[in-house]
Every structure is written in C-alpha cells, then in structure tokens.
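Read through the structure below, which is laid out as structure tokens, and then see the notes.
Each value in this text was obtained by applying a stated rule to the coordinates, not by laboratory testing. These numbers were taken from a predicted model, which means no experiment stands behind them. Note: ideal-geometry Cβ built from the backbone for every residue, glycine included; neighbour counts use all protein chains shown.
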C-alpha cells in the first residue's frame, strides 16, 4: 500500500500584495493556522420523468458562482498589524495569493480579496493577543499548478 504525500502547515501560505508597481507579495507574520474554503453555489431545478410524470423528480443542479474564503488565526504580530488594519480599512479589494506547496508541485491562486473580519483579542491578561482574519475573494481567483 502506497502512503500519501502530505505537507506540513507552513507549506500553506497566504500572501498579500503591496499595491506597488511592480506588485510584490509577502506573507504577514503571525498566523499559526490557516484554512481555505472553496465554495460552489448552485441553483436547483426539478427534472421530471418524461415517460412517467407522476414519478417524484430528481433535482438537477446548475452552477451559478464560485467563491473562495480564507481564514487565518494566530498571534497579533507588530510586524503585520498595520498590514491587516490597512487591508480591512480599504474599500478596494487587495491583491492576494494563496499557495499550497507540495514536494513535486505548487498550487497557487491569485486574485483580489476583501478582508471582511479582523478580530483582535486575548483569552486572559497573561496570554498573548491573538489575531483572527477572514478574507473572501472579489472576482476570479486564478489557479496555476507549477
């Protein structure tokens, strides 16, 4: 039985663009976990049986949209707090990349995102201040496998 090729958490990166020309991307400091959610919205339509219209119809589903959501959490790092605040305050979407790096290939999505939620908190006066971020795609996220 062949074992799967897996990767560690540091091989999933969320990078934000700086808006300069030429555009450069960097991963804000502080994330200890990240997740990527790919969503497909559908529209249902009943498909009647032409030979027996009294049969309960099966549903057909047509794709109406695609979306990506990215969430990350970790410590609030001084090195990246203003990057996150600027991104959240921006009315315009910001350039972003999501990379998943396997030993033999890297999957990259590139496009624009909105920072929809920025939660800064702490669990106790002795604990570190945390940062939780939610980003959503704004338009197409183009996937490249290299």
Residue 75/residue 101 FRET efficiency (R0 22 Å; Cβ-Cβ; nearest 0.05): 0.45
In a Gaussian network model of the chain with springs linking alpha carbons closer than 10 Å, the residue among 55, 66, 15 that fluctuates most is 55
Cα-based shape type of the range 1-107, given that a ≥ b ≥ c are square roots of the gyration tensor eigenvalues and the cut on a/c is 1.5: prolate
Could you please rank 89, 73, placing first whichever residue has the fewest other Cβ atoms within 10 Å of its Cβ? 89, 73
Suppose the chain between residue 1 and residue 63 were pulled fully straight at 0.36 nm per residue; how much longer would it get relative to their current alpha carbon spacing? 18.6 nm
Build a GNM of the chain with springs between Cα atoms under 10 Å: which of 49, 86, 62 gets the top mean-square fluctuation? 49
Residue span residue 123 to residue 144: 0.36 nm per residue of separation minus Cα-Cα distance leaves a gain in nm of 3.6 nm
In whole angstrom, the spacing between the Cα centers of the range 69-146 and the range 16-33 equals 9 Å
Using just the helices of the chain, give the 222 nm mean residue ellipticity in deg cm²/dmol: DSSP H runs with n ≥ 4 each add -39,500 (n - 2.57), and the total is spread over all residues, rounded to 500. -1500 deg cm²/dmol
Pull up the DSSP beta bridges for the chain and report the antiparallel fraction as a percent, rounded to 5. 100 percent
